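Reviewing the structure listed below.
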Amino acid sequence: MASGKRATIYFEPEIHRALRLTAAASDRSISDMVNDAVKRALAEDAEDLEAFEKRKREPNLDFERAADSFRTQVQLDDETYAAVRRKAYAEHRSISAVVRDALSETLGSKGKKRLTLASFPFIGSGSSRQGKLSPVSERHDEALAEALYDEHHD
């Protein structure tokens, strides 16, 4: 790296260790790696600001309408997951539908039409490479851990 300004940065121990290992494995300095990461982050920020500028005249979305389409992931303990899966199988419904209904019941937001598998004729129309951690939708934490491990140990 060409001469530059000096700054002191405090890293969490795990991050510092990962940086040292990656620097040694890639024959790069930690300074070069941090500079590259900061440049990428600033470039992403610049892209975001440019996108915001382009879209600033678009109408705002109503929060309630936007919230209807939110998607999230939840972690369930093994016992709860098994119970939800059994119920979904018995009712010929998706696990998501069972969880949505349980949340609606618990939170008192009933009144919406109950969806069944038949409501979604497109399900199963596509395919994806699942790899050895199939189904990734259920084993996403393992897939992420494996990818991060591979990235730091290649």
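Laid out as a table, the results:
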read-out	value
Residue identified as surrounded by 10 or more Cβ atoms within 10 Å (Cβ to Cβ) and of a type outside the set (F, W, Y) among T8, T22, T72	T22
Filter result for the condition that a residue is of a type in the set (A, V, I, L, M) and under 27 Å from H153 (Cα atoms), over A41, A7	A41
Any hit, the stretch 46-61, residues being among the aliphatic types (A, V, I, L, M), within 28 Å of H140 (Cα to Cα) and surrounded by 10 or more Cβ atoms within 10 Å (Cβ to Cβ)	no
Within the stretch 1-93, helices (runs of 4 or more DSSP H) holding 1 or more residues that are at pLDDT 85 or above	13-26, 30-55, 78-90
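The values are calculated or read from the model by the stated rules, or taken from the named source; none is laboratory data. As the structure is a prediction and not an experimental result, all values here were calculated from the model. Reconstructed Cβ throughout: ideal geometry from the backbone, glycine too, with neighbour counts over all protein chains shown.
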